[in-house]
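Each value in this text was obtained by applying a stated rule to the coordinates, not by laboratory testing. For clarity, every value in this text was computed on a predicted model and none was experimentally measured. No Cβ is skipped: glycine too gets one built from the backbone with ideal geometry, and neighbour counts run over all protein chains shown.
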Amino acid sequence: MKLLRTIALDPSDTFLFDVAAEPGEWAVSGAFRFWDCDSAKLEGKARAAFRGGFLGVQSWGWSTLAQIVPATEDDCRSLVDLLARQLVDRFGAPDMATAMTAAEEEVAFSQSLCTHPVSSLIAVHRASSDGEVRESFRRLKLREGQGHGKAFSFMELDDDVQPEGDLRLADLGREPTVR
């Protein structure tokens, strides 16, 4: 079994997001955090989180990248339990049973993103069109002979789904340029 954990290759997430996830937290897509938001009205750090953040389940903070890691059934159960508690405490889920169902679905979706090898890094791109949020995910590949030590060690992209336009990690927190 594989799951996602947050990873910080540099301190940029602490500047990009209101709350940055701690490196090594269990991660989920977190798109549900925006269910009641008009994404066209999001600005600055909230917009950056919407466009390209994975949710760190413990801190409720955001990470630009998530890493595929091996996990056990106990890890998965613990993640579902933690997310369910967070959905009740931080998101106002009506009861634990409802929260558990939602958490199980969110964790199952995260597991579905883990088809690449362990240690692969995943980036997300979200966009909203006609009131519907669309997510696409990319696997970042290391340059030959590089480790995960530096953000600029990455060169090639394997696309799972093409986002609209080009995804540039440095641009996630910037307002779009009108042409």
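Across the stretch 2-158, Cα pairs under 8 Å and at least six residues apart give a relative contact order of 24 percent. Post the alpha-carbon centroid distance, the stretch 58-76 to the stretch 78-95, in whole angstrom. A separation of 16 Å, based on Cα centres.
Can you pull out the chymotrypsin sites (Phe, Trp or Tyr not before Pro) in the stretch 1-92 whose DSSP state is coil and whose Cβ has at most 10 other Cβ atoms within 10 Å?
Numbers: sites: Phe15, Phe17, Trp26, Phe32, Phe34, Trp35, Phe50, Phe54, Trp60, Trp62, Phe91; in loops: Phe17, Trp35, Trp60, Phe91.
Sites meeting the loop and neighbour criteria: Trp35.
State whether the stretch 1-153 is rounded, prolate or oblate according to the following rule on the C-alpha gyration tensor (a ≥ b ≥ c being the square roots of its eigenvalues): a/c under 1.5 gives rounded; otherwise a/b larger than b/c gives prolate, and the remaining case gives oblate. The partial results should precede the final answer.
Working: a/c = 1.71, a/b = 1.17, b/c = 1.45.
It is oblate, given that a/c is not under 1.5 and a/b is not larger than b/c.
In a reduced charge model with +1 at each Lys and Arg Cβ and -1 at each Asp and Glu Cβ, the stretch 2-158 shows a dipole moment near 520 debye about its Cα centre. Here r is the Cβ-Cβ distance between Asp89 and Ala127 and R0 is 41 Å; the resulting FRET efficiency, rounded to 0.05, is 0.90.
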